[in-house]
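What follows is a single structure, written as structure tokens, with notes after it.
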Amino acid sequence: DVKINYDIQYEIELDSLIYVGLIFNELITNSFKYAFPNNKGEIWVTLKQKDNQIFLTIKDNGQGFKERRKNSLGLTIVETLIKGQLLGKLSLNSHEGTEVSLVW
């Protein structure tokens, strides 16, 4: 069983919603597909605004992110959407699970 925890403190504006939805779907799908070979773990989702920036973080406590997957199609799509459509930044950390942070 995979448990999803969330802390949502911001309502996404309509003009960004479709891009954020696509990004969210890709990252959550990746967690379910790759992070938990035994189908046990947790995912944390946080969405908040600070000053004029939006922060979305998706973190899991799975097996971590393999270096070779950094060039995967899914992550390329996420990076293209965050940089090209939302004019933001992406950071990826794979220590004790995987954490993807987006700022726009």
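A few notes on this one:
- In the range 24-40, the residues that are on the phi < 0 side of the Ramachandran plot reach residues that are crowded, with 19+ Cβ neighbours inside 10 Å and part of a helix (DSSP H, G or I) with C-beta atoms within less than 6 angstrom, at least six apart or across chains, in these pairs: GLU26/VAL78.
- Selection of first residues in the range 10-21 that are free of Cβ contacts under 8 Å to residues at least 40 places away in the same chain and of second residues that are in a loop (DSSP other than H, G, I, E, B), restricted to Cβ pairs under 9 Å at least 6 apart or on distinct chains, gives the following pairs, ordered by first then second residue: GLY21/ILE12.
- Number of the condition not met by TYR19 [criteria: (1) part of a helix (DSSP H, G or I); (2) touching a helix residue (DSSP H, G or I) at 6+ places or on another chain (Cβ under 8 Å); (3) closer than 17 Å to HIS95 by Cβ]: (3)
- Test: residue in the range 47-62 that is of a type outside the set (A, V, I, L, M), in a helix (DSSP H, G or I) and loosely packed, with under 15 Cβ neighbours inside 10 Å: no
- Test: residue in the range 69-81 that is over 19 Å from TYR6 (Cα atoms), surrounded by 18 or more Cβ atoms within 10 Å (Cβ to Cβ), of a type in the set (Val, Ile, Thr) and out of contact with any Cys (no Cβ under 6 Å at 6 or more places or on another chain): yes
- Only a single criterion out of (1) more than 14 Å from the chain's Cα centre (by Cα); (2) within 19 Å of GLN85 (Cβ to Cβ); (3) of a type in the set (A, V, I, L, M, F, W, C) is not satisfied by PHE24, namely (1).
- All positions within the range 51-87 that are in contact (Cβ under 8 Å) with a residue 24 or more places away in the chain and among the β-branched types (Val, Ile, Thr): ILE54, THR57, ILE58, ILE77, VAL78, ILE82
- Tally of residues being at pLDDT 90 or above and either of a type in the set (Gly, Ala, Ser) or within 17 Å of VAL2 (Cα to Cα) (or both) across the range 12-30: 8
- The combined condition, being surrounded by fewer than 14 Cβ atoms within 10 Å (Cβ to Cβ) and free of Cβ contacts under 8 Å to residues at least 24 places away in the same chain, is not fulfilled by LEU90.
- Options LEU81, LEU102; residue that is hydrophobic (A, V, I, L, M, F, W, C), outside any strand (DSSP E or B) and closer than 16 Å to ILE12 by Cα: LEU81
The values are calculated or read from the model by the stated rules, or taken from the named source; none is laboratory data. Only a predicted model underlies this, so the values are computations on that prediction, with no experimental measurement involved. No Cβ is skipped: glycine too gets one built from the backbone with ideal geometry, and neighbour counts run over all protein chains shown.
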